[in-house]
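So the structure is just underneath, and the comments pick up after that.
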Amino acid sequence: MKVLVNSEIVERKEVRVDIEDRGYQFGDGVYEVINVYNGVPFTLKEHTTRLYRSAKEVGIEIKEEPEVLIQKILRVIERNDMVNGGLYLQVSRGVAPRAHQYPSDIEPTLIAYPLPYKEMKHTRNDGVSVITAEDLRWLRCDIKSLNLLYNIMIKQKANEAGVFEAILIRNGIVTEGTSSNVFIVKRDEIFTHPANNLILSGITRSKLLEIFDNNGWKCNEQEFSKQELLAADEVFVTSTTSEVVPVISIDGTQVGDGKAGSMTKQIQQAFSELVKREVTKRG
């Protein structure tokens with residue numbers, strides 16, 4: 001595996017993390033995961049834009065222009081002969097003597113490397129079960145930071161329960177999954193939590209909003225309760241790596257008829273067609 005470290009591409013075995021890198025010690029950094037289809041990074045510009053936004057929000061200055069970073073990412077894909085899979089991209093604040101505060105001249109550390117492809121066809125076709133959990137995260141979930149400890153704790157509970165995901169509930173309101181955005185369908189209308197500080201506005205989520213608009217499917221970006229979640233006709237979760245996944249059971253309660261819903265299937269098809277068009281156009 002070839003890994004980008006700042007401006008150099010090296011073998012994975014040559015990569016070293018300094019013990020005082022703030023990403024390692026504090027989770028002080030931001031990241032992105034970009035899907036690669038047939039060697040083409042999907043929504044690369046959108047992911048890069050969000051990376052720069054997250055970095056700005058936490059005060060990390062990525063000194064190179066986005067276009068330069070994009071060229072580096074393309075080099076990593078090429079050097080690894082990537083066809084399908086994910087590309088992990090991380091920027092930590094950099095290396096400095098351990099203290100909560102940091103020096104003004106600290107230099108960020110950039111890494112990027114490929115992630116293995118995960119086959120999810122069965123999951124997308126048949127649907128998944130999920131659990132719910134209390135959302136006790138900080139109030140800047142819109143920043144895609146390395147601080148994922150609570151997400152990890154709840155995701156592990158979901159894993160131990162033998163389900164795909166955990167949907168988070170804050171004060172009775174559904175926010176998002178531990179690593180996904182959540183949508184419900186009720187009487188042919190789609191609902192999802194507004195893109196504010198309580199959720200990460202997913203790139204797949206944003207693309208779906210465009211698809212809904214183009215197809216005349218009514219989508220309401222508004223809060224909905226756990227009770228409304230459980231009473232929904234259809235539920236699905238979305239993310240870069242999982243795309244669009246139907247939810248057929250929540251906390252042991254069946255959703256709809258216990259199968260992937262018709263609206264969800266239409267959305268899956270529309271998203272798949274979008275990916276094919278974009279990859280063909282850029283490939």
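Where a number appears in this text, it was derived from the coordinates with a stated rule and is not lab data. What you are looking at is a predicted structure, and each value in this text was computed from that prediction instead of being measured. No Cβ is skipped: glycine too gets one built from the backbone with ideal geometry, and neighbour counts run over all protein chains shown.
I'd like the Kirkwood hydrodynamic radius of the range 2-115, using the inverse of the mean 1/r over distinct C-alpha pairs, in Å.
Numbers: mean 1/r = 0.0692 Å⁻¹.
Hydrodynamic radius (Kirkwood, Cα only) of the range 2-115 equals 14.5 Å.
What does the helix-only formula give at 222 nm for the chain: each DSSP H stretch with n ≥ 4 adding -39500 (n - 2.57), the total divided by the residues, and the result rounded to the nearest 500 deg cm²/dmol?
Details: 8 runs with 90 residues, N = 283.
Computed mean residue ellipticity for the chain: -9500 deg cm²/dmol.
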Practice prompt. Give the relative contact order (percent, whole number) for the chain; include only Cα pairs under 8 Å separated by 6+ residues.
Written response: 18 percent
Discussion item. Students often get this wrong, so check it: of Lys121/Lys265; Lys186/Lys218; Lys121/Lys276; Lys118/Lys207; Lys63/Lys281, which have C-alpha atoms separated by over 18 Å?
Written reply: Lys118/Lys207; Lys63/Lys281
Worksheet item: What lysines sit close enough to Lys56 to cross-link, taking a C-alpha to C-alpha distance under 17 Å and skipping anything fewer than 8 places away on the same chain?
Response: Lys45, Lys144
Worksheet entry | Rounded to 10°, Cα long-axis angle of helix 262-282 versus longest principal axis of the chain | 30 degrees
Fill in: Shape parameters for the range 121-281, alpha-carbon atoms, Rg then Dmax in Å
14.7, 44
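Where Lys and Arg each count +1 and Asp and Glu each count -1, what net charge lies around Thr175 among other residues with Cβ under 14 Å from its Cβ? Mind dumping the intermediate values first?
Numbers: positive: Arg137, Arg140, Arg170, Arg205, Lys226; negative: Glu134, Asp135, Asp142, Glu165, Glu176, Glu221, Glu223, Glu228.
Surrounding charge for Thr175 is -3.
Need one number for the chain: average projected area of the convex hull over its C-alpha atoms, nm².
On the way: hull surface 59.9 nm².
So the Cα hull casts an average projection of 15.0 nm².
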